[in-house]
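The values are calculated or read from the model by the stated rules, or taken from the named source; none is laboratory data. No experiment lies behind these values; they were computed from the predicted model shown. When we count neighbours, we look across all protein chains shown, and the Cβ atoms used for this are built from the backbone with ideal geometry, even at glycine. Ligands, DNA and RNA are stripped out before the accessible areas are found, and what is left, the full protein with its side chains, is counted by its heavy atoms. Shrake-Rupley method; radii C 1.70, N 1.55, O 1.52, S 1.80 Å.
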Amino acid sequence: MFKTIKKSEIFLIIIMIAIIALIAHFTLIARNQFLRFIYPVEAQLSKYSVSCSDQSPTWMKQALIETTLKHGSLSNQLVYISPHGKSYHCENGWVGTPIISKYVDVNTRYRYASMTKPVTASLVLNLVSEKRLKLDDTLVSYLPELKTFKDERIKNITIENLLTHTSGFDRLKSNDPLFNTYEKPWCPYNLDKLKNIKLDHSPGQAYHYDNRNYCLLSLVLEKVERKPFRQILRDYIPIHNHNIQFIDGPFGEDEVTYDFRYEPVFTKSYIGMLDFQALSPVAGLSGSAIAYAGLLRK
């Protein structure tokens with residue numbers, strides 16, 4: 001009545017179960033581990049997708065290949081503007097899923113992340129050059145609604161301290177609220193928090209990178225200009241002419257999506273974890289490398 005199962009059939013079933021278990025493990029449980037394992041194969045394919053503009057220096061192509069093979073970045077843009085103003089560019093990799101999505105080109109957007117900060121700094125320095133702001137102005141002089149502070153040293157923080165990350169905030173010693181997940185940061189929404197904060201260092205004492213500095217700078221800009229930060233930036237810099245955009249969460253179709261295989265904390269769900277409005281002056285812009293290089297040159 002019952003068919004006798006051969007040893008070879010049992011072995012085949014075991015092999016099939018093992019294959020299914022491995023696939024399930026590496027795609028559902030240890031997906032990043034699997035993606036890291038296959039990275040060298042994808043990197044070889046990405047290496048051969050490098051495309052450069054005419055007469056680009058040979059080091060540009062070599063730099064992209066080095067970045068792809070040794071530094072875990074499959075999709076890249078590189079731009080060089082010569083002292084004479086001539087632009088050269090190289091690109092490689094894909095906008096989305098490797099191999100099956102479209103190739104990166106010169107106009108593809110990337111999230112500038114903290115490279116947004118130099119743009120915010122340029123707005124501050126524009127106001128300084130217009131004599132509407134001074135580098136030795138104190139932060140609190142633009143926040144008259146705040147009268148008393150638990151740490152009196154906050155009264156000594158200057159615009160220059162904020163620009164140069166010497167304000168006394170140190171994200172390695174105290175909480176940097178801009179990257180708290182699923183939580184509204186006190187800057188820029190609740191400045192009363194400043195009254196009870198204790199600085200990690202005295203202003204001007206040492207350099208310590210911290211996102212709070214540029215969030216507070218954006219509030220100074222808003223006080224001077226009497227406009228929201230995003231509007232100030234658009235008024236001073238025609239970012240729309242360069243397809244530079246503010247980020248509001250999801251990736252755009254013309255924007256390279258993050259590759260999280262080497263990321264220890266964040267995943268694709270990060271777009272729902274952060275307050276992108278608050279991040280506007282800190283890490284809020286997205287655009288191409290050639291657009292950013294053009295802004296820096298100006």
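Quick look at the numbers
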{"item": "The range 249-262 - residue that is surrounded by 12 or more Cβ atoms within 10 Å (Cβ to Cβ) and of a type in the set (Asp, Glu) and, of those, modelled with the highest pLDDT", "result": "GLU255"}
{"item": "Restricting the range 129-141 to residues that are touching a residue at least 12 places away in the same chain (Cβ under 8 Å) and in a helix (DSSP H, G or I), the residue that is surrounded by the fewest Cβ atoms within 10 Å (Cβ to Cβ)", "result": "VAL140"}
{"item": "Tally, over the range 95-125, of residues that are part of a loop (DSSP other than H, G, I, E, B), among the hydroxyl-bearing types (Ser, Thr, Tyr) and farther than 20 Å from ARG234 by Cβ", "result": "3"}
{"item": "Lone qualifier among ARG226, ARG212, ARG230, ARG234 - being of a type outside the set (Asp, Glu) and in contact with a His (Cβ under 8 Å, 6 or more places away or on another chain)", "result": "ARG234"}
{"item": "The range 263-287 - residue that is at pLDDT below 95 and not in a loop (DSSP other than H, G, I, E, B) and, of those, farthest from ILE100 (Cα to Cα)", "result": "GLY272"}
{"item": "Residue selected from the range 142-163 under the condition in contact with a Ser or Thr (Cβ under 8 Å, 6 or more places away or on another chain) and not in a helix (DSSP H, G or I), by the criterion nearest to LEU233 (Cα to Cα)", "result": "THR158"}
{"item": "Whichever residue in the range 46-91 is open to solvent by 30 Å² or more (accessible area, probe 1.4 Å) and charged (D, E, K, R) and, among such residues, is farthest from VAL104 (Cα to Cα)", "result": "LYS86"}
{"item": "From the options LYS184, LYS227, LYS195, residue that is at negative phi, in a helix (DSSP H, G or I) and surrounded by fewer than 15 Cβ atoms within 10 Å (Cβ to Cβ)", "result": "LYS195"}
{"item": "Unique residue being buried (at least 16 other Cβ atoms within 10 Å of the Cβ), more than 21 Å from the chain's Cα centre (by Cα) and in contact (Cβ under 8 Å) with a residue 40 or more places away in the chain when the list is LEU233, LEU217, LEU221", "result": "LEU221"}
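Conditions (1) without any contact (Cβ under 8 Å) to a residue 24 or more places away in the chain; (2) among the charged types (D, E, K, R); (3) in contact with a helix residue (DSSP H, G or I) (Cβ under 6 Å, 6 or more places away or on another chain); (4) under 23 Å from TYR292 (Cα atoms), marked per residue:
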{"position": "TYR39", "(1), (2), (3), (4)": "no, no, no, no"}
{"position": "SER46", "(1), (2), (3), (4)": "no, no, yes, no"}
{"position": "THR58", "(1), (2), (3), (4)": "yes, no, no, yes"}
{"position": "LEU64", "(1), (2), (3), (4)": "no, no, no, yes"}
{"position": "THR67", "(1), (2), (3), (4)": "yes, no, no, yes"}
{"position": "LEU74", "(1), (2), (3), (4)": "no, no, yes, yes"}
{"position": "LEU78", "(1), (2), (3), (4)": "no, no, yes, yes"}
